[in-house]
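Engineer: A single structure is presented below for examination.
Each value in this text was obtained by applying a stated rule to the coordinates, not by laboratory testing. The structure displayed is predicted, hence computed values, not measured ones. Every residue, glycine among them, receives a Cβ derived from its backbone with ideal geometry; neighbour counts consider all protein chains shown.
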Amino acid sequence: MSTVNDTKFSSAVFLLTGIPGQEDVHLWIPIPFCLMYVISIVGNSVILFIIKTDPSLHEPMYIFLSMLAITDLGLSISTMPTTLGIFLFKFREISLDACFAQLFFIHLFECTESSVLLLMAFDRFIAIRDPLRYASILTLPRIGKMGLVCVLRGVAVMLPLPILLQRFRYCRSNVLSHCYCINQDVMKMACSDIRVNNIYGLSVALLTEGLDSLLIFLSYVMILKTVLSITSQAECLRALNTCVSHLCAVLLFYTPMIGLSLLHRFGDGSSPLLQILLGYISLLVPPLMNPLVYSVKSKHLRVRIIRVFIK
């Protein structure tokens, strides 16, 4: 496919990339990818079904977990068509409109998941700091409003990304670095001045995922301070144990995302394979691991999942 030179915007296409240099094992690559998508979609769907059908799980912690499962489902479904299209059917082409739509939903669900993780940190802080007022502070209507604010924030900050990209002419190489579209990758294909997009993208990252991660860190500092003031060692460990699942989800989400963002902006001499692997990890691993982590750590959820499968 030749580069998109003076081609009209409506007919231009991008070429997605699988894993460069690993063409000899492309026959086997679809197997782990298909397994990851099946496990993540089935796992998050089961968690949603259990929480929805079991009234005893209609508590703030599990409602926040259901929000996390919804965002993980959205993230998996956003990347699945192009990822499996490349590895299963060798279908690399994607139109500009489809590419812009995909990058919008990918960044939207990433931003929403970051917000949900912040809400879950707030939930753990209230449960440990003020357990007697926990139910009165985190009521169902209030939780619903929090979830709506998370979605609206994501739409408000991510909607300008495809709008800004639509203004450009794309005259450079039309081969993207990943098997899905993301803003950092697409804007490098433009032959126009991308400083506005670069500044806006960096500002959005700092004001969403960056700010959320800072607030999560501060919430855990206050949680640790509260826990250390508990005289009973058993109660102290029990309180910390309720945060293990959330901490795992935070590390799974933010660690690869921060690394990938730094590589895209400042790692010009870094290995392309490293960027691609981090990209897969940041989008595929959290939806895959979150249901497993919470199912293992939450006794109530685990018991109800076992009962469903035994029936």
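Engineer: Tally up the residues in segment 240-253 that are surrounded by fewer than 18 Cβ atoms within 10 Å (Cβ to Cβ) and either among the hydroxyl-bearing types (Ser, Thr, Tyr) or over 16 Å from the mean Cα position of the chain (by Cα) (or both), please.
Structural biologist: Within segment 240-253, residues that are surrounded by fewer than 18 Cβ atoms within 10 Å (Cβ to Cβ) and either among the hydroxyl-bearing types (Ser, Thr, Tyr) or over 16 Å from the mean Cα position of the chain (by Cα) (or both) number 4.
Conditions (1) farther than 30 Å from Lys297 by Cβ; (2) out of contact with any Phe, Trp or Tyr (no Cβ under 6 Å at 6 or more places or on another chain), marked per residue:
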{"residue": "Ile39", "(1), (2)": "no, yes"}
{"residue": "Asn44", "(1), (2)": "no, yes"}
{"residue": "Leu57", "(1), (2)": "no, yes"}
{"residue": "Ser78", "(1), (2)": "no, no"}
{"residue": "Pro81", "(1), (2)": "yes, yes"}
{"residue": "Cys99", "(1), (2)": "yes, no"}
{"residue": "Glu110", "(1), (2)": "no, yes"}
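Engineer: On to the next question. For segment 296-311, what are the residues that are over 13 Å from Gly43 (Cβ atoms) and in a helix (DSSP H, G or I)?
Structural biologist: Hits for segment 296-311 are Lys297, Lys299, His300, Val303, Arg304, Ile306, Arg307, Ile310.
For (1) more than 17 Å from the chain's Cα centre (by Cα); (2) in contact (Cβ under 8 Å) with a residue 60 or more places away in the chain; (3) part of a helix (DSSP H, G or I); (4) within 24 Å of Cys243 (Cβ to Cβ), each residue gets a yes or a no:
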| site | (1), (2), (3), (4) |
| --- | --- |
| Met67 | no, yes, yes, yes |
| Asp72 | no, yes, yes, yes |
| Thr83 | no, yes, yes, no |
| Leu88 | yes, no, yes, no |
| Phe91 | yes, no, no, no |
| Leu103 | no, yes, yes, no |
| Ser114 | no, yes, yes, yes |
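Engineer: For residues that are hydrophobic (A, V, I, L, M, F, W, C) and surrounded by fewer than 15 Cβ atoms within 10 Å (Cβ to Cβ), scanning just segment 176-204, find the one that is nearest to Cys99 (Cα to Cα).
Structural biologist: Per the stated criteria, the residue is Cys191.
Engineer: If you scan segment 160-174, which residues turn out to be out of contact with any strand residue (DSSP E or B) (no Cβ under 7 Å at 6 or more places or on another chain) and in a loop (DSSP other than H, G, I, E, B)?
Structural biologist: If the condition is that a residue be out of contact with any strand residue (DSSP E or B) (no Cβ under 7 Å at 6 or more places or on another chain) and in a loop (DSSP other than H, G, I, E, B), then Gln166, Arg167, Phe168, Arg169, Tyr170, Cys171, Arg172, Ser173 are the ones that fit.
Engineer: Next question, about the same structure. Of everything in segment 175-221, what is more than 22 Å from Leu118 (Cβ to Cβ), among the acidic types (Asp, Glu) and not in a loop (DSSP other than H, G, I, E, B)? Give them in sequence order.
Structural biologist: Result: Asp185, single match.
Engineer: Specify which of the listed residues (Ile281, Ile230, Ile258) is aliphatic (A, V, I, L, M) and outside any helix (DSSP H, G or I).
Structural biologist: Ile230
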